[in-house]
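Novice: Just dropping this structure here.
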Amino acid sequence: MKARFMIAALLAALVVPAVSLAVEGPTGQDRENAARACKALRASMGDSIFKQSFGTVQSNRRNAMGRCVSQWTRSERLNRQAAQTACEAEKADPDFALAHGGKSFDQFYGNGPNGANALKRCISLKTRAAAAEARSDTLSAAKQCKAERAPDAPAFRAKYGKNANDRNAFGKCVSALAKAQND
């Protein structure tokens, strides 16, 4: 009897950390959202600029979509975690109703019975807003980099390039400017 209890306790001790890690890591939804964001970016930027922004020279930029999805999956996860923290803080705020027209958190965000899905909707809305802002920042950065590169491409590569032949300059420029706009 004691042996069974010990085995059950040991298994439970192993399962709890695994479940905790699964919650913190990226979800399938994060990856799906990232793939949608990358497809929208490619459509907005054009294939050539998209490949220059996300692909690597060594692969002739064929890996741009995969690298974009990987990068944006991390971003989606961080956005979701930040949204969850913000929504939980809003829900716990005793003055929430004062700032939201007298509506409680559940009334303001929820649309199910008794606002049962309010937290989930709050997180979703905040995550989508953060992703839209990041896409906008990336598009703006790509336009700025394209304009900066046009008059003097060698100087542009020297300024932003980080590899042996500075051929990754455009991607580094987009990344730096998008990050600066997001901060």
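The values are calculated or read from the model by the stated rules, or taken from the named source; none is laboratory data. In this text the structure is predicted, and so the values were computed from the model without any measurement. Cβ coordinates were reconstructed from backbone atoms using ideal geometry, including for glycine residues, and neighbour counts include every protein chain displayed.
Novice: Scan segment 137-164 for residues that are outside any helix (DSSP H, G or I) and free of Cβ contacts under 8 Å to residues at least 24 places away in the same chain and jot them down.
Specialist: Passing the criteria: Ala150, Pro151, Asp152, Gly161, Lys162, Ala164.
Novice: Here's another thing I want to ask about it. Could you please give the count of residues in segment 165-174 that are without any contact (Cβ under 8 Å) to a residue 24 or more places away in the chain and assigned to a helix (DSSP H, G or I)?
Specialist: Result for segment 165-174: 2.
The rows are residues; the columns are (1) under 16 Å from the mean Cα position of the chain (by Cα); (2) closer than 20 Å to Ala64 by Cβ; (3) hydroxyl-bearing (Ser, Thr, Tyr); (4) surrounded by fewer than 19 Cβ atoms within 10 Å (Cβ to Cβ).
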| site | (1), (2), (3), (4) |
| --- | --- |
| Lys143 | no, yes, no, yes |
| Ala150 | no, no, no, yes |
| Ala158 | no, no, no, yes |
| Gly161 | no, yes, no, yes |
| Asp166 | no, yes, no, yes |
| Ala169 | no, yes, no, no |
| Cys173 | no, yes, no, no |
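Novice: Now for a different question. Take Ser70 and decide whether it is in a helix (DSSP H, G or I), hydroxyl-bearing (Ser, Thr, Tyr) and modelled with pLDDT of 90 or more.
Specialist: Spelling it out, Ser70 is indeed in a helix (DSSP H, G or I), hydroxyl-bearing (Ser, Thr, Tyr) and modelled with pLDDT of 90 or more.
Novice: Can you confirm whether Ala132 is under 17 Å from the mean Cα position of the chain (by Cα) and within 24 Å of Asp47 (Cβ to Cβ)? First the steps, then the outcome.
Specialist: Values: under 17 Å from the mean Cα position of the chain (by Cα): yes; within 24 Å of Asp47 (Cβ to Cβ): yes.
The answer is yes for Ala132.
Novice: Among the residues of segment 82-125, which ones are surrounded by 15 or more Cβ atoms within 10 Å (Cβ to Cβ), of a type outside the set (Gly, Ala, Ser) and either closer than 27 Å to Ala35 by Cα or in contact (Cβ under 8 Å) with a residue 24 or more places away in the chain (or both)?
Specialist: Gln84, Cys87, Glu90, Lys91, Tyr109, Asn117, Leu119, Arg121, Cys122, Ile123
Novice: Suppose we keep only residues that are of a type in the set (D, E, K, R) and without any contact (Cβ under 8 Å) to a residue 60 or more places away in the chain within segment 126-136. Which one would you say is nearest to Asp30 (Cα to Cα)?
Specialist: Arg128
Novice: Right, here's the next one. Which condition does Gln58 not pass, out of (1) outside any helix (DSSP H, G or I); (2) surrounded by fewer than 15 Cβ atoms within 10 Å (Cβ to Cβ); (3) at pLDDT below 90; (4) not hydroxyl-bearing (Ser, Thr, Tyr), if it passes all the others?
Specialist: Among (1) outside any helix (DSSP H, G or I); (2) surrounded by fewer than 15 Cβ atoms within 10 Å (Cβ to Cβ); (3) at pLDDT below 90; (4) not hydroxyl-bearing (Ser, Thr, Tyr), Gln58 violates only (1).
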